[in-house]
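Here the structure comes first, spelled out in structure tokens, and everything after it is commentary.
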Amino acid sequence: MIVLNPTRPMSDRPLRLGIICHPSVGGSGILASELGEELAQRGHEVHFISHAPPFRMPRDHPRIRFHQVEVNDYDLFKYPSMGADWDIPGLRGVTFDSRVVHTGSSYANDVNAVKVAGWTRLDLGLRYLTEFRGHLVTLRGRVDNVTNRKHWASVGGYPGQGYLVAGMPRTFVISASIDY
């Protein structure tokens, strides 16, 4: 069971939270269910996003909803990534975002003689939304490949023309966009 500090409120107002999980892999559905139920008990609206409902997800809670998504059939990309956004309480317009990208092992040539290891990458960032002269402005800062893991981002190719593409090292990105 997950127990959050009951003496300290998480927010002055209820939050709408999305939890992405793969309930058929490694117990993430159990962890997600426990966390979601605790957050819903505290008055927050919780949305589970997955290919199937987590086994322990409360089905009759008024603040818990399930959204089913399709997962492609190609095993190499069956569960390629997960991400989460969190609107930081007390900092209006500021959102923390994270993403975990995973790719399984694969073969780099047409006769499957060269096997390349799988890899997992962590990306973290902040986003700030504001309005300037009637236009929505989004400022972003993120770090891709936080752990600076060396990996092959892409492998394979046309028969007889195999290739390996090196993944990017730790990368810092700053961007801004304005909606007109």
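The table that follows gives values for the structure above.
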| read-out | value |
| --- | --- |
| Using distinct alpha-carbon pairs, which all enter the 1/r mean, Kirkwood radius of region 15-71 in Å | 11.0 |
| Simple spin-label estimate for ILE178 and ASN148 in nanometres, 7 Å along Cα-Cβ | 3.7 |
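Taken together, the values in this text are just the output of simple stated rules run on the coordinates, not laboratory data. This one's a predicted model, so the numbers in the text were calculated from it and none came from an experiment. All Cβ positions, even for glycine, are placed from backbone atoms using ideal geometry, and neighbour counts span all protein chains on display.
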